[in-house]
Amino acid sequence: ANMVKVRAYELRTKTKTDLLRQLDALKTELSTLRVAKVTGGAASKLAKIGVVRKSIARVLTVYNQTTKSKLKEKYAGERFVPMDLREKKTRAIRRRLTSEQLTKKTVKQTKKDNYFPQRKFAVKAAL
């Protein structure tokens, strides 16, 4: 299983099953390389372990990103969205009042504003 370095943009065009198949191949290759390491294999094989591990990471990253983006599309416009798909921001921001709630006024305050509007002055105070 002699493989060249995988590239993320190439992986993005593949289907989920293809990605999982490639992941399996990479993992078996890694295990054979680890066996070679124990049995005192060639230096080229030992150097390849790092490359294969990074390739596995790339495949998993692309797989997880595509899964998440598909789920985001699925839940777009829904009332309730799974926790891991919601915006993270900060705890304080998540608990903050919505802009609608912030601008809401009581009946009493609305009347007060209507009865006593902001006064307009003709002369601006000279500093």
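The values are calculated or read from the model by the stated rules, or taken from the named source; none is laboratory data. Model, not experiment: these values are computed from the prediction. Quick reminder, even Gly has a Cβ in these numbers, built from the backbone with ideal geometry, and neighbours come from all protein chains shown. The protein model used for the area step is the full one, side chains on, heavy atoms only, and it has no ligands, DNA or RNA in it. Shrake-Rupley method; radii C 1.70, N 1.55, O 1.52, S 1.80 Å.
Details
- Protection proxy ranking for 104-112, 41-49, using the average of other Cβ atoms within 10 Å per residue and placing the highest first: 41-49, 104-112.
- Carbon plus sulfur fraction of accessible area for the chain, probe 1.4 Å, in percent: 57
- Pairs over the 26 Å Cα-Cα cut-off, from the set Lys5/Lys37; Lys14/Lys45; Lys27/Lys68; Lys5/Lys45; Lys74/Lys105: Lys14/Lys45; Lys74/Lys105.
- Within a Gaussian network of the chain (alpha carbon springs, distance under 10 Å), most fluctuating of Leu20, Leu102, Leu11: Leu102
- Summed over the residues of the chain and divided among them, the accessible surface reaches 89 Å² per residue at a probe radius of 1.4 Å.
- What separates the Cα centres of segment 95-112 and segment 1-49 is a distance of 59 Å.
- On Cα atoms only, tilt of 16-38 relative to the major axis of the chain in degrees: 50
- Heavy-atom accessible surface of Phe80, to the nearest 10 Å², is about 140 Å², with a 1.4 Å probe and all protein chains retained.
- For the chain, a simple Cβ point-charge model (Lys and Arg +1, Asp and Glu -1, everything else neutral) yields a dipole of about 780 debye relative to the Cα centre.
- The C-alpha atoms of the chain define a longest principal axis, and helix 43-75 lies at about 40 degrees to it.
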